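*Asks:* The structure that follows is given in the form of structure tokens.
The values are calculated or read from the model by the stated rules, or taken from the named source; none is laboratory data. Predicted model, so just to flag it, every value in this text is computed and none were measured. Here Cβ is always computed from backbone atoms with ideal geometry, including for glycine, and neighbour counts include all displayed protein chains.
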Amino acid sequence: MNRIASIRRALTWWLFARGEHEVSTFEVILWWEKRRFPYNLIVGVAGLFTCAVTVAVIASDKFGEPLSLPDPPIFAVLAVIAYGVGANICYTGGWISEVMVRKIWQERTGAFGPIAFTLGIVFSFLITLAPAALFSVLLIVRLLLR
């Protein structure tokens with residue numbers, strides 16, 4: 001019961017909340033764009049963690065055949081940049097889809113934006129952490145098979 005109250009309290013925080021008066025296309029876009037920096041910060045922190053885990057696994061040369069960075073290493077940097085651009089394109093899809101849903105279903109779409117935003121942050125955070133989880137599992141398996 002206490003966790004549910006905590007989740008409800010978190011969802012009323014400014015990042016997830018929306019007033020009922022925001023119905024114009026401009027206000028929808030503005031609502032999403034005010035949250036782009038926090039979104040990028042959350043996904044960026046997850047990305048830094050993933051990069052740190054990946055480098056740590058690659059740097060561990062306790063195996064006969066160590067993992068390595070792409071050759072040339074600039075491809076890794078370009079992949080990180082491409083991921084960030086892709087994440088922001090998908091983020092923009094959030095307000096585009098809300099504008100479309102509001103045009104089709106009008107007054108029945110009040111909670112669509114906050115729900116889409118919340119699920120988008122959770123999905124982006126988890127998908128950004130996925131390589132760290134994969135590399136961690138790979139390291140554990142390689143250690144167990146030694």
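*Asks:* For residues that are buried (at least 18 other Cβ atoms within 10 Å of the Cβ) and small (Gly, Ala, Ser), scanning just the stretch 117-140, find the one that is nearest to ARG18 (Cα to Cα).
*Replies:* GLY120
*Asks:* Between GLY110, GLY93, which is surrounded by fewer than 16 Cβ atoms within 10 Å (Cβ to Cβ), over 13 Å from the mean Cα position of the chain (by Cα) and in contact (Cβ under 8 Å) with a residue 12 or more places away in the chain?
*Replies:* Exactly one residue qualifies, and that residue is GLY110.
*Asks:* Have a look at PHE135, PHE112, PHE125 and point out the one that is over 19 Å from ARG35 (Cα atoms) and hydrophobic (A, V, I, L, M, F, W, C).
*Replies:* It is PHE135.
*Asks:* Only one of these is modelled with pLDDT under 90, among the hydrophobic types (A, V, I, L, M, F, W, C) and surrounded by 12 or more Cβ atoms within 10 Å (Cβ to Cβ): PHE16, PHE49. Name it.
*Replies:* Selected residue: PHE16, the only one of PHE16, PHE49 that is modelled with pLDDT under 90, among the hydrophobic types (A, V, I, L, M, F, W, C) and surrounded by 12 or more Cβ atoms within 10 Å (Cβ to Cβ).
*Asks:* Assess whether GLY86 counts as being at pLDDT 85 or above and either among the small types (Gly, Ala, Ser) or in contact with a Cys (Cβ under 6 Å, 6 or more places away or on another chain) (or both).
*Replies:* Yes: the conditions hold for GLY86.
*Asks:* So the check is Cβ under 9 Å with 6+ separation or different chains; which pairs have a first residue in the stretch 65-90 that's closer than 30 Å to ILE29 by Cβ and a second one that's of a type in the set (Lys, Arg) and modelled with pLDDT of 85 or more?
*Replies:* Within 9 Å, the pairs are ASN88/ARG36.
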